[in-house]
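To keep things clear, I will list the structure first and then write my remarks on it.
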Amino acid sequence: MSRPLKMKMPKKAFLCVVLTCLAPLWLSAAHAQETATEAAGFSEPVDPGASVPTYKIELKDGALLPETLVVPAKTRFKLHVTNIGTKPSEFESNQMRLEEVLFMGMDVTMTVTPLDSGEYDYFDEFQPGVMGKLIAKEVAQ
Amino acid sequence: MMGQVIFIVARESVEALLVIGILWAWMAHRADARAGKTWLLGGIVAGFALATMLALALVGVTTFLGAAARSWFEIAMLSMAAVLIVQMVLWMRKHGRTLKREMEGELDRHVATSNWWGVFALAMIAIGREGSETVVFLYGSFLQLQSLANFLSFFGSAVAGLGIALGLFWALQVGARFVSWKWFFRVTEWMLLFLGSALFLTAMGKLLSKHLSAFDLPGWVYATVWDTSGVLSDSSMFGSLLATLAAYRSQPIVWDILMLALYWGTLAVLFGWQKRRFAATRIAPA
């Protein structure tokens, strides 16, 4: 009686070890399916693969969603800004030369000229307080 | 929210009131002050009409031009305002010195009429552009009001915001009266010229990002020249005021610097030309 029990224990342990060893492999394989941009710390554009990528920003009564965006430097890109709040807002960035008044429910797509690597502010001028940060950084070759 | 209403109304009106306040104070020193003030008031009224029209388009009630045409319109308005400011300052320099002695000849009077149109247009643009944003903001905030107390505090703050702006206007008039005219003239002249540079730079920024963005300009055009955002960011309250009134940028690109050089370069040429002509007309009768 004791023999089969003894056999069972190592078998179970072995299975557990194998599974825990394989799990990260399997998970990383799934991750590899995602675009390389995420892995490099860049924000995901809404249209991966487009020649001029578009990033989404939503304004909600003073809140900026997201508050941080990481984009490739020296590359033209677009910002699609939507006011999903209950008050009018003015999306503004002196540093990126953008200024757009958005009434409730309105959206606008703006082209941003290629940026040198660095940090650039964006905010809702009608509801100041939160400062968004767009980080432009070089794509590692 | 109410503090915000005061803040936005006051800040949006600063630019327009600076222009109008300076023109108003300057006119008080002219022989034909009454005619000038009528033109200025006309421009202010037309400015409110323009602001309302632009605001309706922003809210989406009317489709006043398409998005692209509207941005061209905005660029044209901004550049026009910058040109008018420069022309106004040149005119003031010419007539400010002689003050009440000028306006004698028929030709002078004719020149004056065309400049009154400049005063009218400048006041209209100054109010129309910033005013449309204020109208959108106030209208949107107004729609959110629920109770009577809300309504009262909303109107109270809108009036307070306007009060702060009018305080600036009043300060300019007092300044014109109590400070030596020559000094006031000098200072306001430079304030107007810097404001002109800010308007021109904003216009050129819009031109670059909205209409030239489809073209691949050489990379150096977009290169950041310096970064003083750590010292004074143009997103901060003081920095953004300085950006609106004096074209301050904490991360300017080569394009910005080129456009500012174009503005101040043109101005230097015009001033030099005016100085030579001024000297020539002085020598001629002697």
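With respect to the conditions (1) surrounded by fewer than 16 Cβ atoms within 10 Å (Cβ to Cβ); (2) within 8 Å of chain B (Cβ to nearest Cβ), A:THR111 lacks only one, and its number is (1). One residue stands out in the range B:233-286 among those that are within 14 Å of chain A (Cβ to nearest Cβ) and polar (S, T, N, Q): the one that is surrounded by the fewest Cβ atoms within 10 Å (Cβ to Cβ), namely B:SER236. Of all the residues in the range B:15-55, those that are in a helix (DSSP H, G or I), farther than 21 Å from B:ARG186 by Cβ and either open to solvent by 20 Å² or more (accessible area, probe 1.4 Å) or more than 14 Å from every other protein chain (Cβ to nearest Cβ) (or both) number 19. Just to be sure I understand, how many residues within the range A:96-141 are farther than 17 Å from B:GLU133 by Cα and within 21 Å of the chain's Cα centre (by Cα)? Going through the range A:96-141 one residue at a time, the tally reaches 27. Taking the numbered list (1) under 23 Å from B:TRP91 (Cα atoms); (2) not in a helix (DSSP H, G or I) in turn, B:VAL187 passes all entries but (2). Just to be sure, is B:VAL269 in a helix (DSSP H, G or I) and free of Cβ contacts under 8 Å to residues at least 60 places away in the same chain? Yes: the conditions hold for B:VAL269. So, in the range A:42-52, of the ones that are of a type outside the set (Asp, Glu) and more than 14 Å from chain B (Cβ to nearest Cβ), which residue ends up farthest from A:THR109 (Cα to Cα)? Among them, the one singled out is A:PHE42. Check the range B:144-162 and report whether any residue there is surrounded by 14 or more Cβ atoms within 10 Å (Cβ to Cβ) and within 12 Å of chain A (Cβ to nearest Cβ). The answer is yes, given that some residue of the range B:144-162 is surrounded by 14 or more Cβ atoms within 10 Å (Cβ to Cβ) and within 12 Å of chain A (Cβ to nearest Cβ). Against the condition more than 25 Å from B:HIS211 (Cβ to Cβ), within 9 Å of chain B (Cβ to nearest Cβ) and in a strand (DSSP E or B), how does A:GLU119 come out, does it pass? Against the criterion (more than 25 Å from B:HIS211 (Cβ to Cβ), within 9 Å of chain B (Cβ to nearest Cβ) and in a strand (DSSP E or B)), A:GLU119 qualifies. Tell me, yes or no, whether the range B:199-217 has at least one residue that is open to solvent by less than 10 Å² (accessible area, probe 1.4 Å), within 26 Å of B:SER13 (Cβ to Cβ), more than 10 Å from every other protein chain (Cβ to nearest Cβ) and modelled with pLDDT of 90 or more. Yes, some residue in the range B:199-217 is open to solvent by less than 10 Å² (accessible area, probe 1.4 Å), within 26 Å of B:SER13 (Cβ to Cβ), more than 10 Å from every other protein chain (Cβ to nearest Cβ) and modelled with pLDDT of 90 or more. Scanning the range B:234-266 for residues that are modelled with pLDDT under 90 and in a loop (DSSP other than H, G, I, E, B), we see that the one that is farthest from A:MET131 (Cα to Cα) is B:ASP234. Here A:ALA73 fulfils each of the conditions (1) in contact with an Asp or Glu (Cβ under 6 Å, 6 or more places away or on another chain); (2) closer than 29 Å to B:GLY219 by Cα; (3) surrounded by 18 or more Cβ atoms within 10 Å (Cβ to Cβ) apart from (3). A:MET104 meets the conditions (1) more than 7 Å from chain B (Cβ to nearest Cβ); (2) open to solvent by 30 Å² or more (accessible area, probe 1.4 Å) in every case but one. The failed one is (1).
Yes/no matrix, rows are residues, columns are (1) of a type outside the set (Phe, Trp, Tyr); (2) under 23 Å from the mean Cα position of the chain (by Cα):
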| site | (1), (2) |
| --- | --- |
| B:ALA176 | yes, yes |
| B:SER180 | yes, no |
| B:PHE200 | no, yes |
| B:MET204 | yes, yes |
| B:LEU217 | yes, no |
| B:SER233 | yes, yes |
| B:MET237 | yes, yes |
| B:LEU258 | yes, yes |
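B:TRP220: at pLDDT 90 or above, within 14 Å of chain A (Cβ to nearest Cβ), open to solvent by 60 Å² or more (accessible area, probe 1.4 Å) and not in a loop (DSSP other than H, G, I, E, B), yes or no? For B:TRP220, the condition - at pLDDT 90 or above, within 14 Å of chain A (Cβ to nearest Cβ), open to solvent by 60 Å² or more (accessible area, probe 1.4 Å) and not in a loop (DSSP other than H, G, I, E, B) - is met.
The values are calculated or read from the model by the stated rules, or taken from the named source; none is laboratory data. Not measured: the values here are computed from a predicted model. Neighbour counts run over all protein chains shown; Cβ positions are idealised from the backbone, glycine included. The protein model used for the area step is the full one, side chains on, heavy atoms only, and it has no ligands, DNA or RNA in it. Shrake-Rupley method; radii C 1.70, N 1.55, O 1.52, S 1.80 Å.
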